[in-house]
1. Residue check: is residue 181 within 16 Å of the ligand (Cβ to nearest atom) and outside the structural domain of residue 289 (by TED's automatic domain parsing)?
2. Using the structure shown, decide if residue 104 is within 16 Å of the ligand (Cβ to nearest atom), of a type in the set (Gly, Ala, Ser) and either over 19 Å from the mean Cα position of the chain (by Cα) or closer than 30 Å to residue 4 by Cα (or both).
3. If you check every pair at least six apart or on different chains, which have Cβ atoms under 7 Å apart with a residue in the range 36-59 that is at positive phi first and a residue that is of a type in the set (S, T, N, Q) and crowded, with 22+ Cβ neighbours inside 10 Å second?
4. Identify all residues within the range 122-145 that are more than 23 Å from residue 226 (Cα to Cα) and surrounded by fewer than 24 Cβ atoms within 10 Å (Cβ to Cβ); write none if there are none.
5. Out of the range 178-199, which residues are part of a loop (DSSP other than H, G, I, E, B) and over 24 Å from residue 141 (Cα atoms)?
6. Scan 230, 239, 251 and give me the residue that is farther than 30 Å from residue 124 by Cα, open to solvent by 60 Å² or more (accessible area, probe 1.4 Å), touching a Pro at 6+ places or on another chain (Cβ under 7 Å) and not assigned by TED's automatic domain parsing to the domain that holds residue 65.
7. Please specify each residue of the range 12-33 satisfying the condition of being assigned to a helix (DSSP H, G or I), open to solvent by 10 Å² or more (accessible area, probe 1.4 Å) and either within 16 Å of the ligand (Cβ to nearest atom) or over 20 Å from residue 96 (Cβ atoms) (or both).
Amino acid sequence: MNKISKLAVLTSGGDAPGMNPCIRAVVRTALYNGIEVVGVRQGYKGLIENDMYDMDKRSVSNILNLGGTILKTARCLPFKEDEGMAIAYKHLKERGIDGLVVIGGDGTFTGALRFSRKYPDIAVMGVPGTIDNDLYGSTYTLGFDTATNTVIQAIDKIRDTADAHDRLFFIEVMGRDSGAIALRAGISCGAEAILLPEKQTALEDLIKNLKEGKSNKKSSSIVIVAEGDKNGGVYDVAKAVQQEVKDYDVKVTILGHLQRGGSPSSFDRILGSRLGFAAVNALIAGESQKMVGLQANHILLTSLDDALNNHEFKLEADLLQMADILSI
Ligand code: F6P
């Protein structure tokens, strides 16, 4: 017998391409197993405001190719408070919901874990959905592949014009606490330097590197700056460098939210489908307070606590090492 008879699904925090394929998989896997499904609008806000609706097979038709999330999303401060959680719990119980699938990143999981510890009679399963790729327990998070490809396409275009004008570009990419997009995009686009929150680069070293490049006949240079880099932000870095590297014409581009949009890549459609399918099956098997994740091409469970707090998670050492070497 199913341990779950009715589940709710929500997306929370920053949207990520691949959330829609995941919602589709959750809904259809649940229905296939005789479990009713409720969609929650705008993440935890919808739980508090009781903004939910019954979903059927057709509720998720033709959404595989859509970016964003059909359930909408929000960052919800009231859910951090006991009072907000109590209201959310009441609304879930009134609807007879005994399982909850939350698709999101670290903020989403922090809320889910606290909620689930307070109200353990509602089983909670997390799906890693964030372009930041910063959760322990899944080599890739939903949306990271699409976002990185979006960034690469944009930087390739900037390289064309940078090269035509012999310019030095500083390009800010997303990642408040994570350099995952910056690192992969940097290697993929041959960036001359990559500034990451995880690894401090001294400005003197950056300047030396760029001067060397210029004297080695590099026509253009690209420096990728992750949002969370600790050198004071992309404009400050560009200004500091311009003062020292006078023979380069310096420009700044902030890619911003275009990085989060767009149709999910094949990888994110498959990943979303696998994770959504696995999340429902894990709930059926009686699991709770866990996250489904991709590890060595297998879908495995990790506790939400570990997903959030296990600091073994790091950017790949070989990528960090080759970033400098391959861009000489
Ligand atoms: O968490 C995903 C993310 O895209 C981060 O990389 C970025 O710093 C943040 O969200 C931006 O959030 P918001 O859209 O709320 O400004």
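The values are calculated or read from the model by the stated rules, or taken from the named source; none is laboratory data. Keep in mind the model is a prediction, meaning the values are calculated, not measured. Please note: Cβ atoms are built from the backbone with ideal geometry, for glycine as well, and neighbour counts cover all protein chains shown. To get the accessible areas, we keep the full protein, side chains included, count just its heavy atoms, and leave off ligands, DNA and RNA. Shrake-Rupley method; radii C 1.70, N 1.55, O 1.52, S 1.80 Å.
1. When the stated conditions are applied, residue 181 passes them.
2. Answer is yes for this residue.
3. Matching pairs, first to second residue: 42/73; 43/11; 43/12; 43/73.
4. 122, 123
5. Passing the criteria: only 192.
6. Just one listed residue meets the conditions, 230.
7. Within the range 12-33, 24, 25, 28 qualify.
Yes/no matrix, rows are residues, columns are (1) away from the ligand (no atom under 16 Å from the Cβ); (2) part of a helix (DSSP H, G or I); (3) closer than 20 Å to residue 180 by Cβ:
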{"site": "201", "(1), (2), (3)": "yes, no, yes"}
{"site": "205", "(1), (2), (3)": "yes, yes, no"}
{"site": "208", "(1), (2), (3)": "yes, yes, no"}
{"site": "235", "(1), (2), (3)": "yes, yes, no"}
{"site": "239", "(1), (2), (3)": "yes, yes, no"}
{"site": "242", "(1), (2), (3)": "yes, yes, no"}
{"site": "259", "(1), (2), (3)": "no, yes, yes"}
{"site": "267", "(1), (2), (3)": "yes, yes, yes"}
